[in-house]
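Asks: Have a look at the structure that comes next, please.
The values are calculated or read from the model by the stated rules, or taken from the named source; none is laboratory data. None of the values given here were measured: they were computed from a predicted structure. With ideal geometry, Cβ positions are generated from the backbone for all residues, glycine too; neighbour counts draw on all protein chains shown.
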Amino acid sequence: MSTAEAEAPAKKPSLKERLTGLMEEYGNIAIVTWLAIFALTLTGFIVAIKMGYEPEGGAGQTGVVVIAYAATQLTKPVRIIATLILTPTIAKLRRK
């Protein structure tokens, strides 16, 4: 093995591995942070959709929620990054 191979930097963990490690380290705080960000995002999309669309009847309401959920799922990578950034800060504030 050459010197360059021996000194190669360690591979950066994937986003999924980092999130799993965060859940193991912070437990409930990480889960609550993840769920709070999810709920705020979903609520924001529901409000935004309803501002431009007047649903009629139960099917219309269901459609708004389904579209908002789909849009929320598209933001998952951003929500994971936000969880990774916010959880340690929230844990420090809670432990004070």
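Asks: Among the residues in the range 28-51, are any touching a Ser or Thr at 6+ places or on another chain (Cβ under 8 Å), more than 26 Å from Arg95 (Cα to Cα) and among the aromatic types (Phe, Trp, Tyr)? Can you show your working first?
Replies: Restricting attention to the range 28-51, the residues satisfying the condition of being touching a Ser or Thr at 6+ places or on another chain (Cβ under 8 Å) are 29-30, 33-34, 37-38, 41-42, 45.
From what's left, more than 26 Å from Arg95 (Cα to Cα): 41-42, 45.
Among the residues that remain, those that are also among the aromatic types (Phe, Trp, Tyr) are: 45.
For the range 28-51, residues touching a Ser or Thr at 6+ places or on another chain (Cβ under 8 Å), more than 26 Å from Arg95 (Cα to Cα) and among the aromatic types (Phe, Trp, Tyr): present.
Asks: OK, next. With part of a helix (DSSP H, G or I), out of contact with any helix residue (DSSP H, G or I) (no Cβ under 8 Å at 6 or more places or on another chain), among the hydroxyl-bearing types (Ser, Thr, Tyr) and modelled with pLDDT of 85 or more as the only criterion, which of Thr41, Thr62 stands out?
Replies: Among Thr41, Thr62, only Thr62 is part of a helix (DSSP H, G or I), out of contact with any helix residue (DSSP H, G or I) (no Cβ under 8 Å at 6 or more places or on another chain), among the hydroxyl-bearing types (Ser, Thr, Tyr) and modelled with pLDDT of 85 or more.
Asks: Something else about it: Could you tell me whether any residue of the range 12-27 is modelled with pLDDT of 85 or more, touching a helix residue (DSSP H, G or I) at 6+ places or on another chain (Cβ under 7 Å) and either in a helix (DSSP H, G or I) or surrounded by 14 or more Cβ atoms within 10 Å (Cβ to Cβ) (or both)?
Replies: Yes; the residues of the range 12-27 include at least one that is modelled with pLDDT of 85 or more, touching a helix residue (DSSP H, G or I) at 6+ places or on another chain (Cβ under 7 Å) and either in a helix (DSSP H, G or I) or surrounded by 14 or more Cβ atoms within 10 Å (Cβ to Cβ) (or both).
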